[in-house]
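Beneath this line is the structure, given in structure tokens, with notes to follow.
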Amino acid sequence: MATQPTQDAVPSESPRDLKFNAGKIDEFVTSQGWTYTDRFGVKHYTIEGINYLAQQAMNAFGYVILTGKTFTTGATINNPNEVLLNTADGEYYKWTGSFAVGPKVVPENSTPASTGGIAPGAWIGVGDSSLRAALAATSGAGLVGISVGSVYPAGTVGSAIQYRTPQMYGIEPSTTNIIGSGLDAMFAAGGDIRFEKPGTYITDRTWVLRSGTRLWIGPGVTIKLANGSNVPVFKNYSYANSSAVDAYIEIWGSGTIDYNGANQTVVGLGSMASILKGITSLKIGGGIKVIGANKYAWLVCNVTYLTAVGLNFDTNSDGLHCQPPIRHAYIRNLKGKTGDDMLAFTIGDYANYNISEPGDFSDVDAEGLFCNYAHCAVKITGDGTGNFVRFRISGIYGDTEQSVVRVWGDANLTKTVVKNLTIENIFAKPGSTGSEFAAIEINDRGFGTSGYSIEVDTLLIRNLRSQNDAQQSVYFAGTFGSVIHDLVIDGLPRSAFAIFGVNNASTLAVDNLTIKNGNIIFQDNANSAVVVNRGTITNMNIENVACNFVSTNNGQIARLIAGCTVTRANWVNVYQLRGQRGWNHITSAMTGGTELNLTNYTCDGEGRIAQVTGSTLSVRMSNCRRINDTGAQTAFFASGGAITLSGSLETGFNTIGTSSGGVIKTTPGVHNIPCNVDLLTSVDGASVHNLNTSLSCGAGRVLVQTKVWKNLFSGATYTSSI
């Protein structure tokens, strides 16, 4: 009969309990069952049960594969969950024997059979468990086969792989092998395509990007067009197949697209590196570089949302060339070398390159152009089938071969309509091949069909820091007919030849011109000026500008040439140091009369304030002065024509020049204008301060009536002949 234990508390020294426990120890050690029951009726695990639990834990959490170790190399097994590869059968084994005396040592060139045998308590195969451990590792996905052309259900490894690489299609980089056809299937599948492995990938065909494609061209990767291929490297599906608009396409990364233009012979659209047209949302950039394109590096057209950030160029023609319609564009950080324009916006183009559709460029914001070399940084031109609306261009640096920014006419681009354009923070130096090029050029070049060739509603030029000491900073020209309705130039270069010029008579007009905020050192040149005008300016406003001229031989605030027109001019807080004249009209009579309103104007030195040639000018002065002069040159001079003065001018010298066929007079009223009244044409009711002591009226405040000047203090009079 089995021993019945007591229910005494633990520890119990009852003989019955001691005998019972001895049996349980034997059961714990030798039983093949998983549990035994103690004297209180509670079950506990046997050694066999504990082994079972440990095995289950190892199965659940995986084994530790001794990487780089095999039965052939030899190894030391320290723990029961470590497994060792037998290269002879490709199976992993674990040691189930004892570790009581230390680790299990496996000599070199062993087998499971030669180092303990294959049996419980020795080596046992754990292939399935080892596989699970390998798959659970961070590199485990690499053990799973995949067909890149297949669609996998959710929750599978295949569905979790979100991108494709050339290597998945058996393609490796090579400087000699042409692999274009080998990746047709990859581009046809679309999605995320990643060129990650550095090297050169040569294609002899255009790779077409489907809607939803996100193409990554990684660092050190070059995608090169094979010799004689004569096609763009990339097109999008909508453009290539004349199909519905693609929803989204992205080309990104710091790699290189090499058109290999020296070894291509085609002209026209085949000479572009990439053509992307008909896309709702397009994103390109990330530092990607295009080299060797014979025409445009990027031809982009009909895009609703364009993002271009970080484009690099070393090409023979334009960098980023945009054609309409483009409705929203965010452009940042373009750099490198372009044989033509770094950034071009053309409504239409030459027939060989034109894929545009009627429509506008609208809401375009471009900032950060770094020109190592460019023919021109930015060009804007059109054919009248669309407008430029809400445009901002900012931050242009480096050197340009010709002008930095151009609004141009051309043989196929005969009507450019700009609604709103802001150009700001211009630091690039124009004219690397010749000093005749302005920083900003607006020029119809004689091309037009009807109306205006170039019509600009609002143009704001702000922070213009480009220096060209041999040409106007902003150059307006054209023989067909162009107009700027409102032009503001705010923030002027420190050194300049001239700030703004209207350079053709009868064909050019500016309705409202405002130039302000600058302290300029002008070149010693006859044409140096804030404004040079040969055409029509309705309102000329100059504000907060200091003009520093080298001598009194050259330089003027406004240089007015021949039959030009200025209806009114308002100069506020203008400082003229030396210079030939402030208002300088030369050659022949202007068209119509001009009102010149001077407020807080200072003429420092011997320069004149105003001179006309056969023209009519009314000068109204408020808080104006002439300082540091000797009176050698008078403030006003009329070589034919007439000048009418009013207001206040602080000076100690006669302001009226000796008659040279012209008339200088004042309006009726009291004026603080010192002058010799024998040189001033009489106007009844006018009062000035006479400086000519030799006249019978004497010096002082005088009033004229019927050519009789009367000293208001002494009563003495002088009868004038004029």
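The values are calculated or read from the model by the stated rules, or taken from the named source; none is laboratory data. Note that the structure is predicted; figures quoted are calculated from it, not measured. Reconstructed Cβ throughout: ideal geometry from the backbone, glycine too, with neighbour counts over all protein chains shown.
Of note:
- Search result, residues across region 592-632 that are among the hydroxyl-bearing types (S, T, Y), assigned to a loop (DSSP other than H, G, I, E, B) and closer than 21 Å to T658 by Cβ: T630
- Within the option set T587, T630, being in contact (Cβ under 8 Å) with a residue 12 or more places away in the chain and more than 22 Å from V510 (Cβ to Cβ) holds for one residue only, T630.
- Taking region 241-258 as the range and being surrounded by fewer than 18 Cβ atoms within 10 Å (Cβ to Cβ) and not in a loop (DSSP other than H, G, I, E, B) as the test, the residues that pass are N241, A247, Y248.
- Some residue of region 382-392 being farther than 29 Å from N260 by Cβ, touching an Asp or Glu at 6+ places or on another chain (Cβ under 6 Å), aliphatic (A, V, I, L, M) and surrounded by fewer than 22 Cβ atoms within 10 Å (Cβ to Cβ): yes
- Residue, nearest to P120 (Cα to Cα), within region 25-48, restricted to residues that are assigned to a helix (DSSP H, G or I) and aliphatic (A, V, I, L, M): I47
- Restricting A22, A9 to those that are outside any loop (DSSP other than H, G, I, E, B), without any contact (Cβ under 8 Å) to a residue 60 or more places away in the chain and exposed (fewer than 13 other Cβ atoms within 10 Å of the Cβ) reduces the list to A22.
- Strands (runs of 3 or more DSSP E) fully within region 667-722 that include at least 1 residues being modelled with pLDDT of 95 or more and touching a Pro at 6+ places or on another chain (Cβ under 8 Å): 686-690.
- Among residues of region 479-501 that are at pLDDT 95 or above, those with a Cβ under 6 angstrom from a residue that is basic (K, R) and surrounded by fewer than 24 Cβ atoms within 10 Å (Cβ to Cβ), sequence gap 6+ or separate chain, pair up as D490/R462; D490/K516; G491/R462; P493/R465.
- Identity of the residue in region 564-580, farther than 15 Å from I609 by Cα and of a type in the set (A, V, I, L, M, F, W, C), that ends up surrounded by the most Cβ atoms within 10 Å (Cβ to Cβ): V566
- Considered as a group, the residues in region 647-659 that are surrounded by 21 or more Cβ atoms within 10 Å (Cβ to Cβ) and in a strand (DSSP E or B) include one that is farthest from the chain's Cα centre (by Cα), and that residue is I656.
- Scanning region 549-563 for residues that are more than 17 Å from I520 (Cα to Cα) and crowded, with 24+ Cβ neighbours inside 10 Å yields a single hit, L560.
- Residues of region 665-698 satisfying the condition of being free of Cβ contacts under 8 Å to residues at least 12 places away in the same chain and either touching a helix residue (DSSP H, G or I) at 6+ places or on another chain (Cβ under 7 Å) or surrounded by 19 or more Cβ atoms within 10 Å (Cβ to Cβ) (or both): none
- All positions within region 461-489 that are farther than 18 Å from A428 by Cβ and in a strand (DSSP E or B): F476, A477, S482, V483, I484, H485, D486, L487, V488
- Residue check, G191 at pLDDT 95 or above, closer than 20 Å to G170 by Cβ, surrounded by fewer than 18 Cβ atoms within 10 Å (Cβ to Cβ) and under 25 Å from the mean Cα position of the chain (by Cα): no
- Residue check for G368: in contact with a strand residue (DSSP E or B) (Cβ under 9 Å, 6 or more places away or on another chain), among the small types (G, A, S), more than 23 Å from G336 (Cβ to Cβ) and in a strand (DSSP E or B): no
- Selection status of I461, more than 20 Å from V566 (Cα to Cα), under 31 Å from the mean Cα position of the chain (by Cα) and either of a type in the set (D, E, K, R) or modelled with pLDDT of 95 or more (or both): yes
- Only listed residue being assigned to a loop (DSSP other than H, G, I, E, B), surrounded by 19 or more Cβ atoms within 10 Å (Cβ to Cβ) and without any contact (Cβ under 8 Å) to a residue 40 or more places away in the chain, chosen from S98, S110: S110
- Residue count for region 188-232, restricted to those that are of a type outside the set (A, V, I, L, M, F, W, C) and assigned to a loop (DSSP other than H, G, I, E, B): 20
- Qualifying residue in region 262-277 (condition: touching a residue at least 12 places away in the same chain (Cβ under 8 Å), assigned to a helix (DSSP H, G or I) and hydrophobic (A, V, I, L, M, F, W, C)): yes
- Selection status of T433, outside any loop (DSSP other than H, G, I, E, B) and either touching a residue at least 12 places away in the same chain (Cβ under 8 Å) or crowded, with 17+ Cβ neighbours inside 10 Å (or both): no
- Failed item, numbered, when S506 is tested on (1) over 20 Å from G382 (Cα atoms); (2) touching a strand residue (DSSP E or B) at 6+ places or on another chain (Cβ under 6 Å); (3) of a type in the set (S, T, Y): (2)
- Given (1) of a type in the set (S, T, N, Q); (2) more than 25 Å from R214 (Cα to Cα); (3) not in a strand (DSSP E or B), number of the condition T346 does not satisfy: (3)
- Count of region 319-344 residues, restricted to those that are touching a Lys or Arg at 6+ places or on another chain (Cβ under 7 Å) and closer than 17 Å to L282 by Cβ, is 1.
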